[in-house]
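Engineer: Have a look at this one before I ask anything.
The values are calculated or read from the model by the stated rules, or taken from the named source; none is laboratory data. Please read these numbers as outputs of a predicted model, since none were measured by experiment. Neighbour counts run over all protein chains shown; Cβ positions are idealised from the backbone, glycine included. Heavy atoms of the whole protein, side chains included, go into the accessibility calculation; ligands, DNA and RNA do not. Shrake-Rupley method; radii C 1.70, N 1.55, O 1.52, S 1.80 Å.
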Amino acid sequence: MPEHLKALVVILILATTVFAFAKAPACALAFTSGDFARRRNLWFAITFTVFLAHNFWIYVFFVVALLLIAQSRETNKLAMFFFVLFAVPAIDAQITGLGIIAHFFTIDYIRLLTLTVLLPAFLSLRKQPDNGQFGRLLPDKLIVGYVVLNFLLMLTVSTFTNTLRHGVFYAFIDIFLPYYVASRSLKNLQGYRDAMMAFGVAALVLSAIAAFEFARHWLLYSSLNDALGARWGYGNYMERGAGSLRAQGSAGQPIALGYVLAVAAGLFQYLKKSVSNSSIWNFGMLLLVLGLIASVSRGPWMGAVAMLVAFLATGASAVRGYAKLGLLGVIVLPVLLATSAGEKIVAYLPFFGSIDSLAITYRQRLLEISVQVILQNPFFGAFDYIYSSAMQELKQGEGIIDLVNTYLSVGLGSGLIGLALFLGFFAAVAIGIFNGMRTLADRNGELYLLGQTLFTTLLGILVIIATVSSITIIPVIYWSMAGLGVGYTRMLAFAKESSKSPEAAHSGFRPVVTKKNG
């Protein structure tokens, strides 16, 4: 049996197990049984298609058909988008220009999802009067400013056709659509439960696959390139330390995998109070942690720690939370220092570990050189920065320059103004969430917990992307999460304007009115 078919069998077994485990709590909290079954079946159908198509364009055709049929019956298209976001890798190919131009655009699984699910959602949402005019909010202005600036800068160094492709079309589907739909489609707590549970269930499946890859030293999606007749720059075997395979799942890269699972662990905090069986929630969180460990990626580990610390700091009982965390450290630290197993764990840790110390040295050198290059064109950067003699010093053995820092990539390409717009966007979203939380009287309520979760998860994302460039699945998630934060602040503002308590206005439930007999 070919390797990709063997991998398919393993993936189906793992996914079936996780879906069976997740169905009861998911349906009790967020989904209807029909929603869960439809999204689960769609996940299986997409997975079957990519492994059995044996041709990239046949796979694309059938996946588009499946998504169009499924999205027409969806009431929460963002939740559907999240549920199947990690079903298959984002292997890409160019749509040729039929002799008119070199190619129209590059298509991959994420863009298929965006065009078939989020684009119809956008067209519907823009007609709804309660969504208001786009551009009135500060984050709207900043994201538009960032896109327009990059379009103008690219126009100075590239062809008009290529600028339209990257600066308009890709910006619209890769940046604007995830942000807009996430910021405008969820109107109440039930919608947020649905979307965040969908993300969580999808991440649990991905985490189970990652744990298997790490344990069995087998990347389950690595053979899909050959099976589809496509070539992808990701999905290669990578190790850290002596024989520790870095799992990737469908994310295509270990840090991207760790990033997804760290975000899922952050969002999982919102679901904790609503899951009646704490053992089920604990098992789910444990599975996410195992997958996060299997990525052997220190950046996502740091991001997850940042989320935990920030979550405790913004909670109703911050002192008690830090006390528990400190007690856990007192118990665990001696074990790590006194045992051989603990020494191995410490060796992998950031800053303290000795394994792969060259990666840390490279990042330090990248920062030094990138700052020098940015200062040569401080305001608007240089789109061709990669060809500068200084940057060429960073070439590695594979002949590539690995820009493992999203902020440096933005600063190099669009200067300090572009970086200010990028950082200002996320700062505006985070401040909006935090200020909205502070207006709530009940710090133990679900609405406060939602804001706390979105705020701390966004902070963790901002930590992680300092350790990785915006590759594969990474950007669509941070634009979407920022959109969820804007949606949260809009929800609070709408409740205030309606002169209702936010909890009552956006609980997602209608009051029950009883009538007396006679």
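Engineer: Answer yes or no as to whether THR489 is over 24 Å from PHE31 (Cβ atoms), modelled with pLDDT of 95 or more, open to solvent by 30 Å² or more (accessible area, probe 1.4 Å) and not aromatic (Phe, Trp, Tyr).
Structural biologist: Answer is yes for this residue.
Engineer: So, in region 296-317, of the ones that are touching a residue at least 12 places away in the same chain (Cβ under 8 Å) and polar (S, T, N, Q), which residue ends up most open to solvent (accessible area, probe 1.4 Å)?
Structural biologist: That would be THR314.
Engineer: Under 8 Å between Cβ atoms, at least 6 apart or on separate chains: pull out the pairs that start in region 418-447 with a residue that is closer than 13 Å to ILE143 by Cβ and end on any residue that is among the aromatic types (Phe, Trp, Tyr) and open to solvent by 70 Å² or more (accessible area, probe 1.4 Å).
Structural biologist: GLY418/PHE380
Engineer: Is there a residue being open to solvent by 80 Å² or more (accessible area, probe 1.4 Å), modelled with pLDDT under 65 and hydroxyl-bearing (Ser, Thr, Tyr) anywhere in region 338-345?
Structural biologist: Within region 338-345, one or more residues are open to solvent by 80 Å² or more (accessible area, probe 1.4 Å), modelled with pLDDT under 65 and hydroxyl-bearing (Ser, Thr, Tyr).
Engineer: Being acidic (Asp, Glu), open to solvent by 50 Å² or more (accessible area, probe 1.4 Å), in contact (Cβ under 8 Å) with a residue 12 or more places away in the chain and at negative phi, is that true of even one residue in region 113-135?
Structural biologist: Within region 113-135, one or more residues are acidic (Asp, Glu), open to solvent by 50 Å² or more (accessible area, probe 1.4 Å), in contact (Cβ under 8 Å) with a residue 12 or more places away in the chain and at negative phi.
Engineer: Now for a separate question. Among the residues of region 193-212, how many are of a type in the set (Asp, Glu) and within 11 Å of GLN248 (Cα to Cα)?
Structural biologist: Matching residues across region 193-212 total 0.
Engineer: Let me ask you something else. Assess whether ALA227 counts as being closer than 20 Å to ALA466 by Cβ, out of contact with any strand residue (DSSP E or B) (no Cβ under 9 Å at 6 or more places or on another chain) and of a type in the set (Gly, Ala, Ser).
Structural biologist: Against the criterion (closer than 20 Å to ALA466 by Cβ, out of contact with any strand residue (DSSP E or B) (no Cβ under 9 Å at 6 or more places or on another chain) and of a type in the set (Gly, Ala, Ser)), ALA227 does not qualify.
Engineer: Name the residue, out of ASP130, ASP108, that is among the charged types (D, E, K, R) and closer than 25 Å to TYR407 by Cα.
Structural biologist: Exactly one of ASP130, ASP108 is among the charged types (D, E, K, R) and closer than 25 Å to TYR407 by Cα, namely ASP108.
Engineer: While we're looking at this one, here's another question. List pairs: first residue in region 250-273 and open to solvent by 10 Å² or more (accessible area, probe 1.4 Å), second residue of a type in the set (Asp, Glu) and part of a helix (DSSP H, G or I) anywhere in the structure, Cβ distance under 9 angstrom, at least six positions apart or on different chains.
Structural biologist: Every condition considered, the pairs that remain are LYS273/GLU446.
Engineer: What's the number of the condition HIS217 fails, among (1) within 19 Å of ILE474 (Cβ to Cβ); (2) open to solvent by 10 Å² or more (accessible area, probe 1.4 Å)?
Structural biologist: Every listed condition holds for HIS217 apart from (1).
Engineer: Specify the residue that is surrounded by the most Cβ atoms within 10 Å (Cβ to Cβ); the eligible residues are those in region 386-416 that are β-branched (Val, Ile, Thr) and in a loop (DSSP other than H, G, I, E, B).
Structural biologist: The selected residue is VAL404.
Engineer: In this structure, is GLY241 farther than 17 Å from VAL404 by Cα, touching a residue at least 60 places away in the same chain (Cβ under 8 Å) and open to solvent by 10 Å² or more (accessible area, probe 1.4 Å)?
Structural biologist: Considered against the rule, which asks whether it is farther than 17 Å from VAL404 by Cα, touching a residue at least 60 places away in the same chain (Cβ under 8 Å) and open to solvent by 10 Å² or more (accessible area, probe 1.4 Å), GLY241 comes out as yes.
Engineer: At pLDDT 95 or above, within 17 Å of SER317 (Cα to Cα) and either out of contact with any Cys (no Cβ under 9 Å at 6 or more places or on another chain) or open to solvent by 20 Å² or more (accessible area, probe 1.4 Å) (or both) - does that describe any residue in region 456-476?
Structural biologist: yes
Engineer: Cβ-Cβ below 8 Å, separation at least six or inter-chain, first residue in region 449-469 and farther than 11 Å from TYR270 by Cα and in a helix (DSSP H, G or I), second β-branched (Val, Ile, Thr) and modelled with pLDDT of 95 or more: which pairs?
Structural biologist: From residues that are farther than 11 Å from TYR270 by Cα and in a helix (DSSP H, G or I), the pairs are PHE455/ILE433; LEU458/VAL429; LEU458/ILE433; GLY460/VAL263; ILE461/VAL263; ILE461/ILE477; ILE464/ILE255.
Engineer: From the residues in region 40-90 that are touching a residue at least 60 places away in the same chain (Cβ under 8 Å) and under 16 Å from PRO120 (Cα atoms), which one is most open to solvent (accessible area, probe 1.4 Å)?
Structural biologist: This residue is LYS77.
Engineer: Do we find a residue being in contact with a Lys or Arg (Cβ under 8 Å, 6 or more places away or on another chain) and either within 30 Å of LYS272 (Cα to Cα) or among the hydrophobic types (A, V, I, L, M, F, W, C) (or both) anywhere in region 46-68?
Structural biologist: The answer is no, given that none of the residues of region 46-68 is in contact with a Lys or Arg (Cβ under 8 Å, 6 or more places away or on another chain) and either within 30 Å of LYS272 (Cα to Cα) or among the hydrophobic types (A, V, I, L, M, F, W, C) (or both).
Engineer: Another question about this same structure. If the Cβ limit is 8 Å and pairs must be 6+ apart or interchain, which residue in region 318-339 that is part of a helix (DSSP H, G or I) pairs with which residue that is surrounded by 11 or more Cβ atoms within 10 Å (Cβ to Cβ) and at pLDDT below 75?
Structural biologist: So the pair list comes out as VAL335/GLY342; LEU336/GLY342; LEU336/GLU343; LEU336/ILE345; LEU336/VAL346; LEU337/GLU343; LEU337/VAL346.
Engineer: Something else now. Please list, ordered by residue number, the helices (runs of 4 or more DSSP H) wholly in region 1-84 having 1 or more residues that are of a type in the set (D, E, K, R) and within 17 Å of SER207 (Cα to Cα).
Structural biologist: Ranges flagged: 3-29, 33-52.
Engineer: Please work out which one of (1) free of Cβ contacts under 8 Å to residues at least 60 places away in the same chain; (2) open to solvent by less than 30 Å² (accessible area, probe 1.4 Å) is the condition PRO378 fails and give its number.
Structural biologist: Among (1) free of Cβ contacts under 8 Å to residues at least 60 places away in the same chain; (2) open to solvent by less than 30 Å² (accessible area, probe 1.4 Å), the lone unmet condition for PRO378 is (2).
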